[in-house]
Amino acid sequence: WALLALIGGFAFVGQVLLNRGLQLAPAGPGTLMRNLDVVFAFVLGVALFGEVPSALAVAGAGVIVACTVAVGLHKWHNAR
């Protein structure tokens, strides 16, 4: 039970900090970075738990990163 309470506590603190960060950051970059949560979870799964990703999972992570970079570059170019 202690581990479950600890996980819940960290999840709560993480959510509070995420909400505070999204309040402080401009809407565009803040929500753009949220797209990378899936990629970070993917990388942590490989690094910490030794998960072996399938080719489809790697391709999906690549598509997410490519689209996030493309949208970011488009917004940056239009802002200049």
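The values are calculated or read from the model by the stated rules, or taken from the named source; none is laboratory data. Source: prediction; values computed, not measured. Quick reminder, even Gly has a Cβ in these numbers, built from the backbone with ideal geometry, and neighbours come from all protein chains shown. In case anyone asks, the SASA skips ligands and DNA or RNA and just uses the protein heavy atoms, side chains included. Shrake-Rupley method; radii C 1.70, N 1.55, O 1.52, S 1.80 Å.
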*For the stretch 1-32, what are the residues that are open to solvent by 70 Å² or more (accessible area, probe 1.4 Å) and modelled with pLDDT under 80?*
26, 27, 29, 31
*What pairs come up if the first residue lies in the stretch 1-23 and is closer than 21 Å to residue 35 by Cβ, the second is open to solvent by less than 70 Å² (accessible area, probe 1.4 Å), and their beta carbons are under 8 Å apart, counting only those six or more places apart or on different chains?*
21/30; 22/30
*Which one is surrounded by the fewest Cβ atoms within 10 Å (Cβ to Cβ) among residues in the stretch 55-80 that are of a type outside the set (A, V, I, L, M, F, W, C) and under 18 Å from residue 26 (Cβ atoms)?*
80
*Those residues that are among the aliphatic types (A, V, I, L, M) and more than 10 Å from residue 36 (Cα to Cα), I need them from the stretch 51-68; list them, please.*
52, 55, 56, 57, 58, 59, 63, 66
_Of residues in the stretch 44-54 being part of a helix (DSSP H, G or I) and surrounded by fewer than 13 Cβ atoms within 10 Å (Cβ to Cβ), the one nearest to the chain's Cα centre (by Cα)_ = 44
_So, in the stretch 4-49, how many residues would count as being of a type in the set (S, T, N, Q) and either in contact with a Phe, Trp or Tyr (Cβ under 6 Å, 6 or more places away or on another chain) or closer than 24 Å to residue 60 by Cα (or both)?_
2
*Residue within the stretch 33-55 that is at positive phi and at pLDDT 80 or above present*: yes
